[in-house]
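Derivation of every value follows stated rules applied to the coordinates shown; laboratory data play no part. The model shown is predicted, which means the values in this text are computed figures rather than measured ones. When we count neighbours, we look across all protein chains shown, and the Cβ atoms used for this are built from the backbone with ideal geometry, even at glycine.
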Amino acid sequence: MRGIPVYQAPRGTQDVLPEDEKYWRYVEETAVKLAGQFGYGLIRTPTFEDTSLFVRGVGESTDIVTKEMYTFEDKGGESLTLRPEGTAPVLRAYLEHGMANRPQPVKMYYLMSMYRYDRPQAGRFREFNQFGVEVVGDASPGVDAEVILLLWRFLEALGLKGLTIQLNSIGCPRCRPRYLELLVHHFTQHRMQLCHDCQRRLEVNPLRLLDCKNEQCQPAILAAPASADHLCDDCRQHFVDVRGMLEAIELPVVLNPRLVRGLDYYTRTVFEVYPPVEGAQAALGGGGRYDGLMEQLGGKPTPGIGFATGIERIIQNIKNQGIAVPEVGKPFLYVAYLGEAARLPAFELADQARRMGIPTVATLGPRSMKAQMKLANNLGARFAFILAEQEIEAGTVTVRDMARSTQWQEPRASALEHLLQAKG
Ligand code: HAM
């Protein structure tokens, strides 16, 4: 028909198809399991929030806020934004539900979709999914170490190999201003060697210069002072303690003095995880401490730390590394029938099998037996039940072992029992 466009998923978004279900289930179920083992509870926040939550929380000068937010006015004139990240919404929920009155820290995890209007490329989407955690209400270095440990154990449980955790400390409002002065002083001396973006960053967000991937800026970045060398006594001790605990459990942590994060709320510990082949968009996850964020959002000073991982990137790495994940969605039983008299008995038998806990697919309309067996094979069913005139008259069923290509007749009740045992 003319005039109807060829619809496609919007740029930067993707459909997850049934053949990928096993990867999603594997990653999400592993996340739920690990979060449970570490004592975290699930939180889900709305897909959109007041725009100002992210402007205040993530930071006015960040790429996320200046370029990447999906912001719209609703019909009541409110400015709303599709969440680009989960930390500010979780803290908003902590405040709104008076979670300060619960035993501290409050440990929460989420599996949520995020939205950033970024330039789509490999591993970078406009809609993507995160598994993340937030621990609110405890400033101890042990919390930092345990959050990083959880991230590591999660990726390890998935079977991913060759990953590295990069770690840094970017100080606190007490020591950072002095460090920023040093940084600005350093980069001002190298101003002419910096890319256009970095010359602008020098004015608005000098820390972000350290994160620039532009070749041209690398010499100045390599020579820049490191935040970890300019920490106040408290921040230095905190960093020593975190590192000490991570070393004790032998996590492969690499100190990266240039690691800064793309969101403004971080204090002290920051970290990212990279796969073996590093690309510009390769971080599988990242996070850090955000001890000033609660105040920023109108609450009492309350420390917090967390991380988020990108599920699409993790799945891509699972595929790249050829990790075998458990199959899902295969029926154990296929119920085939031939002839009108067998149609209802087959429908009923399939229902009975499912109610006994046997995943079952059934033929629902007339088809040749050859076509039905072919389908049963393609679906990967272990057994088929065949009901035709003969079986209906005898009150039996023909059971076919699809792998061995053997078959026999049995009363229906015992056939179901045997199947249940075979399924284990
Ligand atoms: P983030 O570093 O912006 O941190 O995102 C975390 C992870 O989400 C990244 O490492 C990456 O795997 C994935 N990710 C980010 N952007 C995209 C994208 N456009 N396409 C695909 N994957 C992406 C945060 O979001 C913080 N809220 C993490 C945090 C939690 N910090 C403290 N608590």
Does any residue in the range 196-224 that is β-branched (Val, Ile, Thr) come within less than 8 Å, Cβ to Cβ, of a residue that is assigned to a helix (DSSP H, G or I) six or more places away or on a different chain, and which pairs are these? ILE221/LEU209; ILE221/LEU210
Could you check the range 1-117 for strands (runs of 3 or more DSSP E) lying wholly inside it with 2 or more residues that are aromatic (Phe, Trp, Tyr)? 106-115
Could you please find all residues in the range 118-159 being surrounded by fewer than 17 Cβ atoms within 10 Å (Cβ to Cβ), part of a helix (DSSP H, G or I) and of a type in the set (Gly, Ala, Ser)? GLY142, ALA157
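Is it the case, given these coordinates, that PRO345 is within 15 Å of the ligand (Cβ to nearest atom), surrounded by fewer than 23 Cβ atoms within 10 Å (Cβ to Cβ) and more than 20 Å from the chain's Cα centre (by Cα)?
No: the conditions fail for PRO345.
Please go through the range 407-420 and pick out each residue that is among the acidic types (Asp, Glu) and either part of a helix (DSSP H, G or I) or touching a Lys or Arg at 6+ places or on another chain (Cβ under 8 Å) (or both).
Taking the range 407-420 and keeping what is among the acidic types (Asp, Glu), we get 410, 417.
GLU417, the sole residue that qualifies.
Could you list, in sequence order, the residues of the range 307-342 that are at positive phi and either among the hydrophobic types (A, V, I, L, M, F, W, C) or within 13 Å of the ligand (Cβ to nearest atom) (or both)?
Filtering the range 307-342 for residues at positive phi gives 322, 329, 339.
Scanning the range 307-342 gives no hits.
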If you check VAL270, VAL242, VAL277, which single one turns out to be within 16 Å of the ligand (Cβ to nearest atom), over 24 Å from THR87 (Cβ atoms) and among the aliphatic types (A, V, I, L, M)? VAL277
Here, helices (runs of 4 or more DSSP H) confined to the range 297-406 with at least 1 residues that are in contact with a Leu (Cβ under 7 Å, 6 or more places away or on another chain) are 311-320, 343-355, 369-379
Qualifying residue in the range 259-277 (condition: farther than 19 Å from ARG208 by Cβ and small (Gly, Ala, Ser)): no
Select from the range 63-103 the residues that are closer than 19 Å to ARG261 by Cα and touching a helix residue (DSSP H, G or I) at 6+ places or on another chain (Cβ under 8 Å) and list them in ascending order. ILE64, VAL65, MET69, ARG83, PRO84, GLU85, THR87, ALA88, PRO89, LEU91
Answer residue from the range 281-296, given it is within 12 Å of the ligand (Cβ to nearest atom) and part of a loop (DSSP other than H, G, I, E, B) and is farthest from ASP211 (Cα to Cα) among those: ASP291
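Select from the range 398-415 the residues that are among the hydrophobic types (A, V, I, L, M, F, W, C), surrounded by 12 or more Cβ atoms within 10 Å (Cβ to Cβ) and over 22 Å from ASN378 (Cα atoms) and list them in ascending order.
Within the range 398-415, the first condition is being among the hydrophobic types (A, V, I, L, M, F, W, C), and the residues that meet it are 399, 402-403, 408, 413, 415.
Subset that is surrounded by 12 or more Cβ atoms within 10 Å (Cβ to Cβ): 399, 402, 415.
Answer for the range 398-415, where residues must be among the hydrophobic types (A, V, I, L, M, F, W, C), surrounded by 12 or more Cβ atoms within 10 Å (Cβ to Cβ) and over 22 Å from ASN378 (Cα atoms): just ALA415.
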